[in-house]
Amino acid sequence: MTDKRALLDKIDFYLVTDSGLSRKGTLSDVEKAVAAGCRIIQYREKSISTKDMIVEASQIKTLCGRESIFLVNDRVDVALAVDADGVHIGQDDMPIDAARDLLGPDKIIGLTVHTVEEALEAEKMGADYVGLSPIFNTSTKKDAGSGIGPESIRAVKDAIKIPIIAIGGINKQNSESVILGGADSLVAISAVVCSDDVEQETREFVALIRKVKKDAFGK
Ligand code: 3NM
């Protein structure tokens, strides 16, 4: 197991980039989030050329260094080009086994799932974690559908062993319900990248998640 894979068990707050919403830009957001203790970054970029993505992805890889996992959303080719730590893929993207063949056994592959059945299938196919979505209604992803509610996380947690990352409409007010519901980590895009101080917001999310885990589970 690589060092980065071992980090997967220790993640609290998970940053997904969004250049459309960001106040200060993707690179600044990543730099601030890493400085604030975010140990996993997903580069999600749908509006620039592949050439520009590769330049930005390699800069993000440098910012993540050895401390933070660096994943690329959807684009296995970009992940390979910059030797990222892995990819995050959706149900309609490249199948996990094809991504695994291209990336090799050591890279991290996360898959978005919406149901217990999809989570079981993801684990069976060799995903390293699942992104469970959308927990609450969100306007950040237009086609995300309606929130499944934090009470839906438990059934997924009971069904699989790999980590669950919750996403969709999460903020500091509802984070506790998400972690108590069974998520190992959570993503909050607009709550962080739309803020004036990404470093401070990330710090607050990291501290809040750690506190809820410690108080509820003693870890
Ligand atoms: N994927 P916010 S929801 C990138 O449901 C993404 O799969 C989703 O943004 C899914 O934290 C989402 O601002 C956006 O609600 C989440």
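Values in this text are rule-based calculations from the coordinates and carry no lab data. Bear in mind the structure is a predicted one, so any value in this text is a computation, not a measurement. Methodologically, a virtual Cβ is constructed for each residue, glycine included, from the backbone with ideal geometry; neighbour enumeration extends over all protein chains shown.
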Check your understanding: Add -39500 (n - 2.57) for each DSSP H run of 4 or more in the chain, then divide by its residues: what number comes out at 222 nm, to the nearest 500 deg cm²/dmol?
Key -> -12000 deg cm²/dmol
Exercise for review: With no solvent and one equal point scatterer placed on each C-alpha of region 1-108, evaluate the Debye formula and give log10 I(q)/I(0) for q = 0.21 Å⁻¹, two decimals.
Suggested key: -1.17
Point to revise | Net charge dipole size for region 5-217 [Lys, Arg +1 and Asp, Glu -1 on Cβ; Debye, nearest 20] | key: 460 debye
Point to revise | Distance violations [Cα-Cα > 21 Å] among Lys157/Lys214; Lys10/Lys213; Lys4/Lys142; Lys46/Lys161 | key: Lys4/Lys142; Lys46/Lys161
Exercise for review: Determine the gain in length on full extension of the stretch Asp52-Ala155; use 0.36 nm per residue of separation and subtract their C-alpha separation, reporting nm with one decimal.
Suggested key: 33.0 nm
**Study point:** Isotropically averaged projected area of region 28-175, using the convex hull of Cα atoms (one quarter of hull area), nm²
**Key:** 9.1 nm²
Review point. With point charges of +1 on the Cβ of Lys and Arg and -1 on the Cβ of Asp and Glu, referenced to the Cα centre of region 5-217, which listed residue (Met94, Val55, Leu186) lies farthest in the positive direction of the dipole?
Key: Leu186
Point to revise | Cut-off 12 Å between beta-carbons: net charge of the residues surrounding Val198, Lys and Arg +1, Asp and Glu -1 | key: -4
Study note, to complete from the structure: Computed from the beta carbon distance with a Förster radius of 41 Å, FRET efficiency for Gln59 and Lys211 to the nearest 0.05 stands at 0.80
